[in-house]
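Some notes on the structure that comes next.
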Amino acid sequence: MWWSRLLPALLLTGCNTASYQSQVLDSPVVPFEELFDLADTIRLDPSIIIGQISFLDVNQEGSFLVADLVGRSVHLFSSSGEHIRPYPVPECLPDDAENYSPFSSRFLGNDYVVVMAFNGAVSVFSTDGRCIEATRRISKPSFGFCTSNDSILFLGPPWPVRNSVEEPAIIIYSPELHKLGEVPVKWPEFPVLNMGRGGIVGRNIDCFSDGPFYIYLGSMDAIPVRSSGNILRQRPEFYEQRPRDLSPDMSLDAKREEWNNYITTDGIFALDGHTRMLVYRNIDDRWLPEGAEDLYLYRGVSIASNKGEFSSLSTISSFVPLAAGYGYLYGQADPELLPDGDIGNPLILRYRFIRPKF
């Protein structure tokens, strides 16, 4: 486990990367088809109605873990879309069942499933559906987590909790929800911008073979927790630096306008153990295809190797990425029309990542 070996050193050194050199590399835009090839379309079992997919995770076998915000439930589907089992949150948190709205659910190795709700509750299940442990709150608020080996890593809020002076941190828990430690992380460049929720829910952190990477709203590239030697940062060709933070004194309308005037980092995904993918919104219209419709769906995408195995490339996606992993990108298509005329579940699009050769 990376954290058990490096936690003492990280706690001593914190995240001060001032002693490291940071090199910025350009990430040119290429056509989407040069990076992703549509492999198949998955139809989720219509016997289970999904109201709204708030989060989707995949494991090495291609199975889907679907968090349904409207149905307030979490379901496991096979790689072909067959329903396998639900994960009954009320059995873990019976007193909170009525207020439970899952925003994120992830596989934890081969043995567990972790679910987090908007109210801060966390539940851990065995993959066969048994409740292992649950809590109404972890030690600090969190808007996202990732899993690595047998550890759960929650990214804490980018602001002091209860007027404390503590730095933001990644809080590490065991599957039994025992706190194992904390690793301090950097403050966001734009504190006020990051005071509220934003971006793709639950996608502010992801775990890789070489440790977790995290983002803030306004990040040009993801930030590695483990930093050593030269730090290679990617600058997508479409990226435009936000010139200033929001002002605390701005009206809500003014904040909204300022938010939409500049690129905002939407999320980070692990395409595989060493390849990170960042998603950006509010891309300038000149990067969008001529005659494009549903412009609000378009996102900028940047792909880079954590190990520098290939040159970073960027592209424009006509859909908001839903999940990624094990060499595939997943998107959501329109709901299918059932034979009886009813509207079924959204179709899942699976794209194979075409690894750059240079």
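Taking the Cβ of Phe36 as the center, what net charge do the other residues with Cβ under 14 Å away carry, scoring Lys and Arg +1 and Asp and Glu -1? Here the count lands on -1. Taking a straight Cα-Cα cut-off under 16 Å and skipping sequence neighbours fewer than 8 places away in the same chain, the lysines within cross-link reach of Lys357 are Lys307.
Out of Ala121, Phe32, Trp187, whose Cα points farthest toward the positive end of the dipole of the chain (charges: +1 Lys, Arg; -1 Asp, Glu; placed on Cβ)? Among Ala121, Phe32, Trp187, the one farthest towards the positive end of the dipole of the chain is Trp187.
The residues neighbouring Asp342, those whose beta-carbon lies less than 15 Å from its own, together hold a net charge of -3 under the Lys/Arg +1, Asp/Glu -1 convention.
When DSSP beta bridges are restricted to pairs lying wholly in the chain, around 90% turn out antiparallel.
Comparing Cα centroids, the stretch 148-220 and the stretch 245-274 end up 17 angstrom apart. Anisotropy class assigned to the stretch 207-358 is oblate, per the alpha carbon gyration tensor with a/c at or over the 1.5 cut-off and a/b no larger than b/c.
Net charge near Arg235: determine it from the other residues with C-beta under 11 Å of the C-beta of Arg235, scoring Lys and Arg +1 and Asp and Glu -1. Can you show the working numbers first?
Numbers: positive: Arg233; negative: Asp26, Asp221, Glu237, Glu240.
Charge balance near Arg235 sits at -3.
Using the per-residue mean of other Cβ atoms lying within 10 Å as a proxy for protection, in what order, highest first, do the peptides 51-60, 200-209, 29-38, 147-156 fall?
Values: 51-60: 18.5, 200-209: 22.2, 29-38: 14.8, 147-156: 20.4.
Highest-to-lowest ranking by the protection proxy: 200-209, 147-156, 51-60, 29-38.
Divide the volume of the convex hull around the Cα atoms of the chain by the residue count and you get 155 Å³ per residue. Between Glu290 and Phe32, the simple spin-label model (points 7 angstrom out along Cα→Cβ) gives 1.9 nm. Estimated from the Cβ-Cβ distance and a Förster radius of 45 angstrom, the FRET efficiency linking Gln23 and Ala333 is about 0.70.
No lab work stands behind these numbers, since they all come straight from the coordinates. The structure presented is a predicted model; accordingly, all values stated were derived computationally and were not measured. Note that we place each Cβ from the backbone using ideal geometry, even for glycine, and neighbour counts take in every protein chain shown.
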